[in-house]
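> Take this structure first; my questions come after.
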Amino acid sequence: MKLYITIPSPFARKCRIVAREKGLADRVEEVVVDLYGAAPELAALNPVDQVPTLIAEDGLPLNNSPVICEYLDRLGSGAVLLPEAGPERWAVKRVETLGNAALEMGVKWVLEKRRPEDERSQAWMDRWSNRMGRCLNALETADLSADRLDMGVITAGCAVTWISFRHPEFDWKTGRPRLVALQAALEARPSFADTRPDAVG
């Protein structure tokens, strides 16, 4: 299998963590691509030219991190990270969705900050950062523990570390002690330590 990634991408990081947690690291070749350069192989596999993209064992290209993570979860060994059905599944999916939403708001904010200064909209940046903060508040009230690893917990951990990386001016830690503790515990795991977004300049 091939997993197309960029090192800083939190969405790709989730997939890389799942591959490691599920004992699939030696079966998933990580291919680093430059999304701002020419990546014709990726574009041929994913119409929107985004990471992560996984070439599954049967050659099927899979896009979107929740889809890729669920595929790897079913394929690998060890504890199930996303329950197949029932209330437990929806509880995990809710947290996963909140973490993804925080990341999506953060990405919008990054893109706005990258516009020329005289073209940036402070109103939109405030909108994205406020929504990101509300998602983190919801995650703070969820009962998350690094000792109960699932896709919601993984996504929440990836979200706060990426926010620290891309938005160092945003104080997400004040008033969110549970998320602070969760991040510290998760980043001590080998699968997280091996996939940090700041592993490159």
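Laboratory data are not the source of any read-out in this text; all were calculated from the coordinates shown. Just so we're clear, the structure is a prediction, and the values are computed from it rather than from any experiment. Note: ideal-geometry Cβ built from the backbone for every residue, glycine included; neighbour counts use all protein chains shown.
> I'd like to compare 81-91, 62-72: which one has the highest average count of other Cβ atoms within 10 Å, and what's the full order after that?
So the peptides 81-91, 62-72, ranked by packing, come out 62-72, 81-91.
> With r as the distance between the Cβ atoms of Thr174 and Asp147 and R0 = 22 Å, compute the FRET efficiency 1/(1 + (r/R0)^6) and round to 0.05.
0.35
> Separate question: Please report how many Lys pairs in the chain have alpha carbons closer than 22 angstrom, counting only residues at least 8 apart along the chain or sitting on separate chains.
Counting lysine pairs in the chain gives 9.
> Starting from the amide H of Thr53, placed 1.01 Å from N in the peptide plane, find each other amide H under 5 Å away whose residue is 5 or more places distant or on another chain.
Residues meeting the amide H criterion: Tyr4.
> Dipole of the chain (Lys/Arg Cβ +1, Asp/Glu Cβ -1, origin at the Cα centre): which of Met125, Leu45, Leu186 lies farthest to the positive side?
Met125
> So, in Å, what gap is there between the alpha-carbon centers of region 1-58 and region 108-127?
28 Å
> In sequence order, what are the phi-derived ³J(HN,Hα) couplings for region 115-128 according to the Karplus relation 6.51 cos²θ - 1.76 cosθ + 1.60 with θ = phi - 60°, rounded to whole Hz, with x for glycine and proline?
Once θ is set to phi - 60°, the couplings for region 115-128 become 5, x, 3, 7, 10, 6, 10, 5, 4, 5, 5, 5, 4, 5 Hz.
> Can you give me the long-range amide H partners of Glu30? Hydrogens built in the peptide plane at 1.01 Å from N, cutoff under 5 Å, separation of 5 or more residues or another chain.
Leu3
> For region 1-157, what class follows from the C-alpha gyration tensor (a ≥ b ≥ c being the square roots of its eigenvalues): rounded when a/c is under 1.5, otherwise prolate if a/b is larger than b/c, else oblate?
Oblate, because a/c is 1.5 or more while a/b does not exceed b/c.
> I would also like to ask the following. Order of 161-167, 42-48, 10-16 by packing, highest average Cβ count within 10 Å first?
10-16, 161-167, 42-48
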